[in-house]
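What follows is a short report on a single structure.
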Amino acid sequence: MRTTRLLTVAGLAMLTSTAAFAQLKDEKDVTITMDLQPILQLNMSTPNQIDFTFDDINEYYGGITKYGATILKVSSTVNWDLYAIARSNGNVGAGFWDQQIRYGTGGSGGATNRLPLSLLELRQTTVNANATAATGAFADYSTAFPAVASPAGSNSIYVDPANVGTPPSAANKYIAGHAGTTATGADGVAGGSYLTAGALTSDYYYSIDYRIVPGLPSIFPMAFAADGTTAEDLVSANGAGSYAQPGVYTMYVQYMILEDQ
Amino acid sequence: MSAQQCDLVSIGLVGQSNIDFTYDTFSKYLGGITQNGATKLRVTVDNSINSNPDCRWNLVIYVENGSGATPNTDWETLYSQSVSGPTPTIDLVQLRVGNRCNTPLQGNQFFTIPPVVSTPIVVISNTGITIPAGSCVTNVNGPGNPTTHYDEYTFDIDYRIVPGIGLKSGIYQLRFKYVLTEVL
């Protein structure tokens, strides 16, 4: 009984001691949520329609070039890639210009309305500086337009043969960045904006020239496949004696910006 | 160890317990978002019962990222589908703690929070000297309350976050813990 009483007293003493030394404290919490929404902006200054009218023999020989017809300005909060892809409605076939009308009877035996989309050439004024992972003959469209007498695929626009909008591969051309997600510089451009990058030669500003060279006969010698090396001019594609059927043709160019992933 | 000095310490929070920063335009990314007065703290410290002259207090902020799996320098990721760019670090956040008497040690200016979670940000420190209410100087830490000394016992917290460009997109979270403690 005496032992029990002593333990009780000791316990009370401990409780009293604890209460006496308890440090008063109070606290409140605030939670901060940050929502970083990805922003990919492609500002494009261009005519809705760019016309190439070939009504002079010199234009057939030398082609028509539209300098600076499209200006592309990029603002992105994430790493990004930019490419161009030639598209059509496919009323002639996948990978070919749409024929809106043909003139007269459409020409003699070798005339064809199957004009490859790749006959359109692009040239970008700013080199793609973020494409070291590219594996193809041409990483971008920055090469000067080749002389008409020396056809090359350096500037043929990328075409998805199936016409379903498949992005270019590592072997094809990008305007900025490239296929894959190795790293910025290798195949992606770091987030940024033409608003802050400064010079017109930055990675966020591109001036695009267009050229079409029909040639004479009009076989479009500058048409090359997406690999940049396989000729797609009308003779290579259809055999000797082929030439373009006179008429009105249309196609469109899609500029695609996407996060590097 | 000393005995209890004060009768009561209490901190009241006025404002949202969840503060959202949404970045959906380029200008917000570059210019940042500032939420002035998003949090108001009302500190009450009382010693009217035992009238102990050594009743003092300190006020400290801790930043937590809520998850042991998150590096102690990063925001906790709630959602992200992106693979590009780094996860934001906690030192993106700038705070400004102030009141009319400018009692906080940070001097009523924006400052960047420490880069590692749980690092104490001392607003009112334990100097061992009691600076009584009504002094209207830095580090007032005696008994008082917002009713009698509003300019010293009320703290406005402003938050600023400037993400800049290149961070991984997603939804992130941090917790700010405001701790008022009696000094023993």
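No value in this document is a laboratory result; all are computed from the given coordinates. Every value quoted in this text rests on a predicted model; they were computed, and no experiment measured them. As a convention, Cβ positions derive from the backbone with ideal geometry for all residues, glycine included, and neighbour counts pool all protein chains shown.
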So, in Å, what gap is there between the alpha-carbon centers of segment A:57-116 and segment A:194-261? 7
Taking the Cα atoms of chain B alone, what are Rg (to one decimal) and Dmax (as a whole number) in Å? 18.4, 60
In whole angstrom, and with the biggest value first, how far do the Cα coordinates of chain A range along each principal axis? 127, 39, 31
Gyration tensor over alpha-carbon atoms, the protein assembly as shown, equivalent ellipsoid semi-axes in Å: 74, 21, 15
Cα-based Rg of segment A:125-167 normalised by 2.2 N^0.38 Å, two decimals: 1.34
Most mobile of B:V122, B:V83, B:V162 per a Gaussian network model of chain B (Cα springs, under 10 Å)? B:V83
Give me the dipole magnitude in Debye, nearest 20, for the protein assembly as shown about the Cα centre, with unit charges on the beta carbon: positive for Lys and Arg, negative for Asp and Glu. 860
Please determine, in degrees from 0 to 90 and to the nearest 10, the orientation of helix A:2-21 with respect to the longest principal axis defined by the Cα atoms of chain A, where the helix direction is its Cα long axis. 50
By Cβ neighbour count within 10 Å, fewest first, B:C136, B:C55 rank B:C136, B:C55
Cα-based equivalent ellipsoid of segment A:41-188: semi-axis lengths in Å, sorted from largest, via gyration tensor: 30, 17, 16
Proxy reagent accessibility, fewest Cβ within 10 Å first, across A:D81, B:D46, B:D156, A:D51: A:D51, B:D46, B:D156, A:D81
Mean-square fluctuation check for chain A, GNM, Cα pairs under 10 Å: which of A:P167, A:P214, A:P47 is largest? A:P47
Would you please give the residues with an amide H less than 5 Å from that of B:W57, counting only those at least 5 places away or on a separate chain, with H modeled from the backbone geometry? B:V183
Among beta bridges that DSSP assigns inside chain A, antiparallel share in %, nearest 5: 90
Rounded to the nearest 5, the percent of DSSP beta bridges in the protein assembly as shown running antiparallel is 90
Scattering profile of segment B:6-66 at q = 0.17, 0.29 Å⁻¹ [log10 I(q)/I(0), Debye over alpha-carbon scatterers]: -0.79, -1.20
Please label the shape of segment A:136-191 as rounded, prolate or oblate, based on the square roots a ≥ b ≥ c of the eigenvalues of the alpha-carbon gyration tensor (a/c under 1.5 means rounded; beyond that, a/b larger than b/c means prolate, else oblate). oblate
With segment A:167-257 reduced to its Cα atoms and the Debye formula applied, log10 I(q)/I(0) at q = 0.14, 0.19, 0.23, 0.25 1/Å amounts to -0.73, -1.02, -1.23, -1.34
Expressed as a whole-number percentage, the relative contact order of chain A with C-alpha contacts under 8 angstrom and at least six residues apart is 29
Under a Cβ-Cβ cut-off of 11 Å, what is the net charge of the residues other than A:A244 that fall near it, where Lys and Arg count +1 and Asp and Glu count -1? +1
For segment B:54-60, just list the computed ³J(HN,Hα) in residue order, Karplus coefficients 6.51, -1.76 and 1.60, θ = phi - 60°, integers in Hz, with x standing in for Gly and Pro. 8, 5, 9, 8, 9, 10, 10
Ascending count of other beta-carbon atoms within 10 Å, so fewest first, for A:M34, A:M251, A:M256, A:M44: A:M44, A:M256, A:M251, A:M34
When the label point is put 7 Å from the Cα of B:N72 along its Cα-to-beta-carbon vector, which residues of segment B:89-133 have a backbone N closer than 19 Å? B:89-93, B:113-122
Of the listed pairs B:K28/B:K168; A:K73/B:K28; A:K173/B:K168; A:K25/B:K177, those with alpha carbons more than 21 Å apart are A:K173/B:K168
Per residue of segment A:157-169, in order, report the coupling 6.51 cos²θ - 1.76 cosθ + 1.60 (Karplus, θ = phi - 60°) as ³J(HN,Hα) in whole Hz, putting x for Gly and Pro. 5, 5, 10, 8, x, 7, 6, 10, x, 5, x, x, 8
Quick check for me: using +1 on Lys/Arg Cβ and -1 on Asp/Glu Cβ, what's the dipole size of segment B:8-183 about its Cα centre, in debye to the nearest 20? 200
